[in-house]
Number of protein chains: 2
Amino acid sequence: MNDTWKDYVIATYRLAASGDLAKKAETIALGMTVGSWTGLPAARQEALDRHAGRVVTVEGNLIRIAYPLTNLTPDLPALLTCTFGKLSMDGKIRLVDLTLPPHFAAAFAGPKLGVEGVRERTGVHGRPLLMSIFKSCLGLTLTELAEGFFPQALGGVDLIKDDEIFFNDSEAPFERRLEACLRAGERARRETGQAVLYAINLTGPVHQLPEKARRAVRLGANALLINVLPYGFDLLQRLSEDPEITVPLVAHPALAGAMYPSGDYGIAAPLLLGTLMRLAGADLVLFPSPYGGMALERSEALDLASRLKDKTRLPCLPAFPVPSAGIHPGLVPHIMDDFGFDVVINAGGGIHGHPGGAAAGGRAFRAAIAASVAGVPLEQAAAGSSDLRAALDQWGSDKARIPKEFPI
Amino acid sequence: MNDTWKDYVIATYRLAASGDLAKKAETIALGMTVGSWTGLPAARQEALDRHAGRVVTVEGNLIRIAYPLTNLTPDLPALLTCTFGKLSMDGKIRLVDLTLPPHFAAAFAGPKLGVEGVRERTGVHGRPLLMSIFKSCLGLTLTELAEGFFPQALGGVDLIKDDEIFFNDSEAPFERRLEACLRAGERARRETGQAVLYAINLTGPVHQLPEKARRAVRLGANALLINVLPYGFDLLQRLSEDPEITVPLVAHPALAGAMYPSGDYGIAAPLLLGTLMRLAGADLVLFPSPYGGMALERSEALDLASRLKDKTRLPCLPAFPVPSAGIHPGLVPHIMDDFGFDVVINAGGGIHGHPGGAAAGGRAFRAAIAASVAGVPLEQAAAGSSDLRAALDQWGSDKARIPKEFPI
């Protein structure tokens with residue numbers, strides 16, 4: 001970023017309208033900050049000058065506006081309200097990007113653990129992580145939940161993600177569910193030697209969630225799942241900066257599709273689920289993979305992941321990308337080609353739908369991951385893993401044949 | 001609502017895709033609740049039955065799905081995640097409506113004061129209320145803020161709305177700003193005999209905002225402005241249900257345009273800013289008027305307002321619609337035609353841009369309101385009010401000539 005803008009956040013917008021965009025840009029720069037200059041005495045204009053937005057560039061349908069840091073506080077409600085709050089309602093306009101000067105970005109919470117911290121918690125250093133989607137949980141008793149948890153853990157997954165729609169937990173209350181699943185994970189660990197993290201869904205009145213999270217951590221919780229957009233980005237930031245909440249924060253993208261898919265409106269997915277999730281403090285971020293039925297375009301998914309991981313883009317720790325939906329073992333080499341080594345392989349149907357059951361599904365993934373890390377083709381590795389063989393027979397390994405799958 | 005669905009929330013979606021929507025509807029009903037039935041033993045299917053979503057209707061591009069209340073808790077994060085969370089990312093699909101059975105809707109906070117409560121607080125019973133938009137506030141000292149507040153209050157407005165982008169208030173800290181503006185309002189009251197509410201912008205870490213709001217109320221705050229979407233709907237609900245927060249909650253629509261304007265994606269404006277804001281507890285809801293440059297379609301704006309006010313639609317108290325942007329005195333009869341008697345007339349440029357200044361701007365509006373309530377044409381009323389005369393000369397009274405205006 002040019003030194004001229006070292007004390008500004010630069011917002012990039014795409015406008016659908018043609019016409020005088022230079023004039024429109026001026027209207028936005030002032031309208032979103034100090035209002036109109038018209039009729040103000042010179043002394044007042046001078047005092048307001050350091051609060052006024054500036055037009056950086058107008059190129060084609062893209063305009064870039066610089067907002068003074070002095071108008072902002074380092075949190076997402078301020079950043080979003082000041083750059084896109086009322087402007088979002090001003091016709092066909094889309095927030096494409098936000099560029100924060102490093103000293104301002106550093107004031108956000110960012111991930112507490114990041115990629116390395118999560119690797120330490122899981123004890124996994126030589127390969128991508130494997131996460132299992134725990135579906136469906138609704139209506140299960142504690143015993144049934146533990147029975148569902150155990151085979152997933154037994155298959156060698158590193159994390160198990162709670163159902164994000166688990167709100168009414170009267171039949172499996174939060175603390176007792178945590179205890180039951182942790183115990184099932186411990187039982188699996190005695191067989192496999194491997195620990196598993198359980199990202200339990202954090203729900204309740206928003207202002208009580210930091211205290212609920214602290215209590216969960218005291219009870220042994222080792223990860224938390226958060227519906228970041230339904231609760232607001234600020235909750236994530238306050239969980240991340242809380243010194244007593246020492247566990248990985250797993251961000252679910254629920255509701256994101258209400259904001260990113262339109263070309264004319266909303267907030268671009270790489271910004272919304274990449275930059276902003278990382279700034280607010282997610283250690284892992286789920287987003288639609290470019291493979292499944294619920295897909296992001298490949299270029300967008302890769303851009304999103306790069307915003308989560310790239311150390312040159314933000315001063316905070318990198319977060320794990322978790323491309324989700326449509327994932328089965330045959331895809332593992334493609335995922336590593338696309339997203340690199342620091343990625344979480346996340347599967348629902350690709351684990352639970354394995355013909356040998358969830359444990360076999362996990363083992364098939366682990367075999368695919370080990371092979372891909374070693375550079376061994378899956379077909380060759382399947383000779384030594386009947387679970388992988390069965391997965392490849394069921395789902396193939398050709399991206400073009402990836403089945404449509406619904407869950408994240 | 002049919003008695004069959006008395007224990008369900010019904011979501012209406014519009015899909016852009018053609019094809020087998022009946023099958024798609026089934027996939028959504030199960031995928032958003034219990035997951036797939038495939039391969040489950042009969043006993044398990046039976047146990048899950050009461051948690052499964054149901055297809056209500058498939059008509060053209062509209063599908064309606066019923067979600068069992070037993071999956072939900074009465075709060076907006078649960079409602080939105082369970083009806084549109086991951087589904088929002090599933091291609092071209094838009095959440096058009098949510099219908100809640102009255103006993104479930106009654107469990108939400110809803111407005112604490114509602115239309116009648118706000119009328120009591122302001123002492124205004126015989127006419128629409130008048131609100132002034134306090135722009136711009138950035139960079140002003142406490143003295144300057146008080147100087148800006150006073151003439152607005154002097155003109156006879158009932159509420160003054162803080163600038164919603166007021167986050168970094170280091171030059172005019174929240175509590176001192178509150179005190180300075182309340183004092184300016186009190187000074188005006190001694191001249192006009194009329195009280196004014198100051199909706200101060202509530203900002204800070206989301207989990208601390210209920211306590212900050214309680215402290216503000218103890219210090220004399222008489223209204224609060226909330227950026228509901230940037231902070232998440234749940235904050236509004238927790239403020240509304242807090243017994244110590246006894247003042248009107250004014251909901252700003254910042255960021256709403258990231259969600260409602262696309263025809264293919266997102267959440268319809270009447271649902272987002274009408275039904276959901278009221279459920280969560282807003283006493284007043286700002287939304288783009290159908291008149292200004294930042295406009296909702298008239299039918300949408302009217303539907304939105306009806307969802308805020310109609311007692312047959314929701315069991316909670318009615319809230320005030322505040323159609324905003326592009327409002328000047330000549331519009332008052334049109335606003336009352338469109339939105340009725342229980343409406344808040346909200347103006348920025350239409351008050352501050354009056355040739356006689358903000359106090360004259362307020363008086364022009366009050367004259368227009370008094371005339372419209374009495375059924376007197378504005379041109380006739382202007383004979384008795386030089387302020388209204390000047391406003392009509394500046395802005396006219398013809399909807400077709402309404403100037404484009406940016407601020408809300």
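A few comments on the model shown:
- Shortest-first distances to equivalent copies, position B:G340, nm, label 7 Å out along Cβ: 5.8
- Membrane-span-like helices in chain B (whole DSSP H runs, Cα extent of at least 20 Å along the helix axis, mean Kyte-Doolittle hydropathy of at least 0.5): B:358-374.
- Nearest beta-carbon to the B/A symmetry axis - residue in chain B, distance in Å: B:G232, 1
- Among B:L95, B:L284, B:L80: highest mean-square fluctuation, GNM of chain B, C-alpha pairs under 10 Å: B:L80
- Zone residues, region A:134-151, relative to B:T70, backbone N less than 11 Å from point 7 Å out along Cα-to-Cβ: A:139-140
- Between copies, the label points at A:E46 (set 7 angstrom from Cα along Cα-to-Cβ) are spaced 8.5 nm, reported in nanometres from shortest to longest.
- Full-stretch length increase - B:D310, B:A42 - with 0.36 nm per residue and alpha-carbon distance subtracted: 92.0 nm
- Average Cα contact separation per residue, chain B, under 8 Å, 6 or more apart, as relative contact order %: 16
- Shielding of peptide B:259-269 by partners, expressed as the average count of other chain Cβ atoms within 10 Å per residue Cβ, is 6.
- Close amide H partners of A:T33, meaning residues 5 or more places away or on another chain with modelled amide H under 5 Å apart, are A:G53.
- Computed from point charges on the beta carbon alone (+1 for Lys and Arg, -1 for Asp and Glu), the dipole magnitude for region B:3-105 about its Cα centre is near 240 Debye.
- Three-way shape call for region A:298-379 based on the alpha-carbon gyration tensor, with the a/c threshold at 1.5: prolate
- If you sort the three axes of the alpha carbon gyration tensor as a ≥ b ≥ c, you get a/c of 1.5 or more for chain A and a/b above b/c, which makes it prolate.
- Across the identical copies, how the A:D7 labels are spaced - nm, sorted shortest first, 7 Å along Cα→Cβ: 6.3
- Annotation: the residues B:H352, A:H103, B:H125, sorted from fewest to most other C-beta atoms within 10 Å of their own C-beta, follow the order B:H125, A:H103, B:H352.
- Taking a ≥ b ≥ c as the square roots of the eigenvalues of the alpha carbon gyration tensor, region B:155-222 is prolate, as a/c is not under 1.5 and a/b beats b/c.
- Taking label points 7 Å from Cα along the Cα-to-Cβ direction, A:S386 and A:A17 give a separation of 6.8 nm.
- Neighbouring Cβ atoms from other chains, within 10 Å of the Cβ of residues in B:226-239, number 6 on average.
- Backbone HN-Hα couplings from phi across region A:157-172 [Karplus 6.51/-1.76/1.60, Hz, Gly and Pro as x]: 6, 8, 9, 10, 9, 4, 6, 6, 8, 6, 10, 7, 10, 4, 8, 8
- FRET efficiency for A:S299 and B:H125, using Cβ-Cβ distance with R0 set to 51 Å, rounded to 0.05: 0.30
- About the centre of its Cα atoms, chain B shows a dipole size close to 180 debye [charges on the beta carbon of Lys, Arg (+1) and Asp, Glu (-1) only; nearest 20 debye].
- Highest GNM mean-square fluctuation among B:M131, B:M32, B:M277, for chain B modelled with Cα contacts below 10 Å: B:M32.
- Counting only other chain Cβ atoms within 10 Å of each residue's Cβ, the peptide A:87-100 averages 4.
- The residue list A:I28, A:I10, A:H103 was ranked by how far each Cα lies along the charge dipole of region A:3-105 toward its positive end, using unit charges on Cβ atoms, and A:I28 comes out on top.
- Of the chymotrypsin sites (Phe, Trp or Tyr not before Pro) found in region A:37-127, the ones in coil according to DSSP and having at most 16 other Cβ atoms within 10 Å of their Cβ are A:W37.
- Once backbone amide H atoms are built at 1.01 Å from N, A:G281 has A:G110 as its partners under 5 Å, excluding neighbours fewer than 5 places away on the same chain.
- Neighbour-limited loop hits for trypsin sites (Lys or Arg not before Pro), region B:52-121 (at most 10 other Cβ within 10 Å; DSSP other than H, G, I, E, B): none
- Helices in the protein assembly as shown, meaning DSSP H runs of at least 4 residues, each add -39500 (n - 2.57). Divided by all residues, the mean residue ellipticity at 222 nm is -10500 deg cm²/dmol.
- Footprinting exposure proxy for B:I335, B:I160 (fewest neighbouring C-beta atoms within 10 Å first): B:I335, B:I160
- Difference of contour (0.36 nm per residue) and Cα-Cα distance, B:T4 to B:R215: 71.4 nm
- Lys/Arg +1, Asp/Glu -1 at C-beta; the protein assembly as shown dipole; positive extreme among A:P151, A:A195, B:F84: A:A195
- Greater than 19 Å apart at Cα, pairs in A:K212/A:K309; A:K135/B:K86; A:K135/A:K161; A:K6/B:K135: A:K212/A:K309; A:K6/B:K135
- Most mobile of B:N168, B:N222, B:N346 in a GNM of chain B (Cα contacts under 10 Å): B:N168
- Residue order, fewest to most beta carbons within 10 Å, for A:H51, B:H252: A:H51, B:H252
Taken together, the values in this text are just the output of simple stated rules run on the coordinates, not laboratory data. These figures come from a predicted structure and were not determined experimentally. All Cβ positions, even for glycine, are placed from backbone atoms using ideal geometry, and neighbour counts span all protein chains on display.
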